[in-house]
Every structure is written in C-alpha cells, then in structure tokens.
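Report on one structure; see the data block that follows.
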Amino acid sequence: LPEVTQIRTIGFWTRTMGDSAQVFSFVVVTDRDEIYGPFELGDADAVYYFDTDFTAQRLRFEAVDTSGGNTGAIEIEVYGESAG
C-alpha cells in the first residue's frame, strides 16, 4: 500500500480450475508479522468480503487450505484509510 493504512475490509476471490487450484481459506500477514484469519471462502463464484481492523503497509496473503495445484486469486481487494 502507498502508506500505513487502517485496513477495514479485505476482499478475496479464489480462482479454480474445476477441481483443483482453489483456495478454501487464507491468512493475512502484515509487515509487523501480525497474522489475521483464517478467512474462509465459500466457493470460487465471487469475491468474499471480510471485516477487519488492523494497521499495515505491506500485506502477504497465505493459503491455509487448498485443493492443491497452482492456486491463486482472481482478485484481492483492500479497503481502508490512511493511518498516518
């Protein structure tokens, strides 16, 4: 993110290749090594949104539970406001 941000909402849309490459749950790791989640995804049909309340500038998304294969995201969204 361009600056330290108070993150209020995260959106995640998992990709799928039929019966593989789907993320079922993930965590978010901040640049302060804080871990949030796991966040559960119902399916690969749309973006799922999660209310959050933490501060960070850099985020890493880590898959916790997957169907295996070349997992990934179609879209990741982060919403918040400057914490500076």
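Key figures
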{"read-out": "Only listed residue being in contact with a strand residue (DSSP E or B) (Cβ under 6 Å, 6 or more places away or on another chain) and either assigned to a loop (DSSP other than H, G, I, E, B) or over 30 Å from GLY84 (Cα atoms) (or both), chosen from VAL64, VAL28", "value": "VAL64"}
{"read-out": "Matching entry among PHE50, PHE39 (being touching a residue at least 40 places away in the same chain (Cβ under 8 Å) and under 13 Å from the mean Cα position of the chain (by Cα))", "value": "PHE50"}
{"read-out": "Within region 53-71, considering residues that are surrounded by 15 or more Cβ atoms within 10 Å (Cβ to Cβ) and within 11 Å of the chain's Cα centre (by Cα), the one farthest from PHE24 (Cα to Cα)", "value": "LEU59"}
{"read-out": "Top-ranked residue in region 3-18 [being at pLDDT 95 or above and in a loop (DSSP other than H, G, I, E, B); ranked as nearest to SER67 (Cα to Cα)]", "value": "ARG15"}
{"read-out": "Pairs, first in contact (Cβ under 8 Å) with a residue 40 or more places away in the chain and of a type in the set (Asp, Glu) in region 63-84, second outside any strand (DSSP E or B) and surrounded by fewer than 16 Cβ atoms within 10 Å (Cβ to Cβ), C-beta under 7 Å, six or more apart", "value": "GLU75/VAL47; GLU77/VAL47"}
{"read-out": "Scan of region 35-59 for residues that are in contact with a Phe, Trp or Tyr (Cβ under 8 Å, 6 or more places away or on another chain) and assigned to a strand (DSSP E or B), ordered by number", "value": "TYR36, GLY37, PRO38, PHE39, GLU40, TYR48, PHE50, THR52, PHE54"}
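The values are calculated or read from the model by the stated rules, or taken from the named source; none is laboratory data. Note that the structure is a prediction, hence the values are computed from the model and not measured. All Cβ positions, glycine included, derive from the backbone under ideal geometry; neighbour counts span all protein chains shown.
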